[in-house]
1. Working carefully through the options ALA24, ALA63, ALA53, find the one that is in a helix (DSSP H, G or I), within 30 Å of SER210 (Cα to Cα) and at pLDDT below 95.
2. Modelled with pLDDT of 95 or more, farther than 27 Å from GLU185 by Cα and either open to solvent by 10 Å² or more (accessible area, probe 1.4 Å) or not acidic (Asp, Glu) (or both): is that true of ILE129 in this structure?
3. In this structure, is VAL203 touching a Lys or Arg at 6+ places or on another chain (Cβ under 6 Å) and free of Cβ contacts under 8 Å to residues at least 40 places away in the same chain?
4. Taking the residues in the range 66-76 that are without any contact (Cβ under 8 Å) to a residue 60 or more places away in the chain and not in a strand (DSSP E or B) as candidates, determine which candidate is surrounded by the fewest Cβ atoms within 10 Å (Cβ to Cβ).
5. Among the numbered criteria (1) closer than 21 Å to ALA142 by Cβ; (2) open to solvent by 70 Å² or more (accessible area, probe 1.4 Å); (3) modelled with pLDDT under 95, which one does MET79 miss?
6. Among the polar types (S, T, N, Q), in contact with a helix residue (DSSP H, G or I) (Cβ under 8 Å, 6 or more places away or on another chain) and modelled with pLDDT of 95 or more - does that describe any residue in the range 286-304?
7. Kindly list, by first and then second residue, each pair from a residue in the range 287-308 that is more than 21 Å from ILE325 (Cβ to Cβ) and touching a residue at least 40 places away in the same chain (Cβ under 8 Å) to a residue that is basic (Lys, Arg) and open to solvent by 50 Å² or more (accessible area, probe 1.4 Å), limited to pairs with Cβ atoms under 7 Å and residues at least 6 apart or on different chains.
8. What is the one condition in (1) in a helix (DSSP H, G or I); (2) more than 20 Å from the chain's Cα centre (by Cα) that GLY152 does not satisfy?
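The values are calculated or read from the model by the stated rules, or taken from the named source; none is laboratory data. In this text the structure is predicted, and so the values were computed from the model without any measurement. Note: ideal-geometry Cβ built from the backbone for every residue, glycine included; neighbour counts use all protein chains shown. For accessibility, only protein heavy atoms count, side chains too; no ligands or nucleic acids. Shrake-Rupley method; radii C 1.70, N 1.55, O 1.52, S 1.80 Å.
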Amino acid sequence: MESSGSNWNGRAAAAVRRCILPIAALLLVLIAWSGCKRARPIVAVIPRTCGTALWEPEHAGAAAVARSLGLDIYWNAPMRDDDIQAQIALIEKALERGYAGIIVSPIETLPMRSPMRRVLAQGVPSVVIGTELGIPPGPRLAYVLNDEQAGGQMAARRIGSILHGHGSIAILGIHPQLMSNIARERSFETTLAREFSGIRVVVRRFGLSSVPQEQQAAEELLSRDEKIDAIVALSLASTRGAYYALVEFDKENIIKLVGFDQDLIPPIRTGGIDAVVVQNTYEMGRLAMGLMDREVHGTAGQSELFVQPVLMTRDNIDSAEIRQILNLSWWPTG
């Protein structure tokens, strides 16, 4: 005859089994769920830098599409938009981690060719945003490019309009290391010469590596005796540097400034910056992630897309079009 203690032990063991079995089942479900979650392909998105009105919309556009396609994003960027070595290191890290694809906005053209050739040699799908690398697009490489020719034309016609076809200008921020920058500079000068022969380019300056250096170059320009009616700044850094120099010399309402690559928006409202040719990086990020999904699944299609820039002025800064370009929402828009 079993003792009462033995009966109690048996009942207790059965109760423990009844508790353990559901917990074990729940743990198996959680493990399976986490395994599925880890199985989602991860795409590295590496802009020139982050935390700016130029590149954060790219993050939003890419993330919104990735979520709808069942992809995850690893988003990272150099602390400065001139740190090409940091950007290359991020690409190498993405390769080491075995990510499903890489979307990159190169800081410079030539130094990025070798690392991207290594990426392609390993069969990793890639989308390059913002500038061509001199590597032809193909099954594993696509481009999403800002239409630099259209942007240069916009800037030239804005200068022609605000100067009424006559005057002297300076061009700052020329970057021979970046094919997209050279394309916009050539388009600007070609359009200006063809349509506004009364406007002379009296100064051309190469781009420097930081905003303070660009500001110093602009201040040296303003301290000269030569008359300047307007400045065209071809990059984010040169636009900021030129604006700060104009403020320092109290000439922001005297010398007109037309810039590129949105990063300094409030002075457009006050007239300190007349206009900025903005890149629609939200749309670039959205299109790039769509191309990446196609490459990951081996589907053929177009490998080079162009996105139209927009001239942002005080008149349209609050328009629906500009709000969409500056969109920071990471959720699908419809």
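1. Details: ALA24 fails: within 30 Å of SER210 (Cα to Cα); ALA53 fails: in a helix (DSSP H, G or I).
It is ALA63.
2. On the way: modelled with pLDDT of 95 or more: yes; farther than 27 Å from GLU185 by Cα: no; either open to solvent by 10 Å² or more (accessible area, probe 1.4 Å) or not acidic (Asp, Glu) (or both): yes.
Taking the combined requirement at face value, the residue does not satisfy it.
3. Numbers: touching a Lys or Arg at 6+ places or on another chain (Cβ under 6 Å): no; free of Cβ contacts under 8 Å to residues at least 40 places away in the same chain: yes.
It is false that VAL203 is touching a Lys or Arg at 6+ places or on another chain (Cβ under 6 Å) and free of Cβ contacts under 8 Å to residues at least 40 places away in the same chain.
4. Ranking the qualifying residues of the range 66-76, first place goes to GLY70.
5. So the condition that MET79 fails would be (1).
6. Checking the range 286-304: not a single residue is among the polar types (S, T, N, Q), in contact with a helix residue (DSSP H, G or I) (Cβ under 8 Å, 6 or more places away or on another chain) and modelled with pLDDT of 95 or more.
7. GLU295/ARG140
8. So the condition that GLY152 fails would be (2).
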